[in-house]
């Protein structure tokens, strides 16, 4: 889930405050632009006038097959371990100084890319870039330090194995990519099997400026910041090349997968539609640049906020929030809806979500519903922070879409027609989808089986397990 999705889920537009129709003229407060450094590193810059905070993310594409056989999670471990290398410059004084200024480096994981992010005051952006370069170019950890980071990642796996919402999010991604999603599945044993030599080989194969991107947010265009990036990142020279792209697995028929978490205090219910049949008026354009994708986002918000969330939270009182999102990845669009619900409402919540999503086909969004969602998406996009820039920027970049696609997004929100939103809603409500329920199943198996959906119990990565 991203920041915008969470905001949309928690702040519902009120039905008594219908906004005026959106203008179709540009109104964005930021500017996206691109450049390229001499070492092949692509630059995607988000200029925000008056920005006093600087962010930069170096990322490479993420795809199945990127981990060695039997060592799932190596890509996550590499990125996680490198993110802790703030001493990589060999200058404890600079690291301490940046720490006092609020500068830091953190690992970055998205479905279509992974990398490292540095952040801090814009006036110190050159020192921050030096820190980022030192970490990006650092050699992988030795065996002793690797063991520490491996244990930290394994601890996360142990803790998340008891958290239904986390398992749900992972499993929906696993379903979408046919069980071989980026860096997944991975377990404590597969992470423990990764050696320093494995990370060294991974770095040599995938980690390099050719096929990589640096996303920057600050008060500069790509052309303005490129000389500074060249001075601080241009010396990065590594043989890495991008992996093959993701390949989504369309769903053949509706079915239900359930994960048993004994003693779970709540349940998580969700659904994913892989590559919905979204129609476009312009068959020649890439999906992110088409009004079709913006119409789908409007439709997804109507379904998620004004219908599913309203039903489950306001009417039934089963959840603190439910949300639906439409995301575009290099291989496919994904439509998903999720909710954490009271355990005793597990099957009831699934039935209610099915009813509300199905209604998008028989009772598509009205002009009023679409206008509320459009207005909310516009205002959210105008006030993006770097988390939202990063997620959308990496998806657009991985798909090969131009920076103008991001810049045009607001205008396309205003131009998406009511008929286009209704067509998109019918596509999102298609019956070829996978439902996932995660929680204590002991009291709910019969009710879930009574839904009439083909039922299967699986582990957190989608592998079948025996059920009572």
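Descending by average beta-carbon neighbour count within 10 Å, the peptides 112-123, 356-367, 150-161, 420-431 line up as 420-431, 112-123, 356-367, 150-161, the highest first. Of the residues 223, 230, the one with the fewest other Cβ atoms within 10 Å heads the list, and the complete ranking is 223, 230. Counted residue by residue at 0.36 nm each, then reduced by the alpha carbon distance between them, the extension gain from residue 210 to residue 359 reaches 49.0 nm. With the simple spin-label model, which puts each label point 7 Å out from Cα in the Cβ direction, the residue 201 to residue 465 separation comes to 3.1 nm. For the pair the range 29-80 and the range 109-180, the centres of their Cα atoms are 12 angstrom apart. Computed packing ranks the peptides 381-391, 433-443, 38-48 as 433-443, 38-48, 381-391, most packed first, by mean other Cβ atoms within 10 Å. The slack between residue 39 and residue 161, meaning 0.36 nm per residue of separation minus the straight C-alpha distance, is 39.8 nm.
Full extension of the chain between residue 344 and residue 145 yields a length gain of 67.2 nm, computed as 0.36 nm times the residue separation minus the alpha carbon distance. Centre-to-centre, using Cα atoms only, the range 224-259 and the range 384-458 are separated by 19 Å. Between residue 315 and residue 237, the FRET efficiency estimated from the beta carbon spacing at R0 = 45 angstrom works out to 0.15.
No lab work stands behind these numbers, since they all come straight from the coordinates. Since the model is a prediction, treat every value here as computed from it, not as a measurement. All Cβ positions, glycine included, derive from the backbone under ideal geometry; neighbour counts span all protein chains shown.
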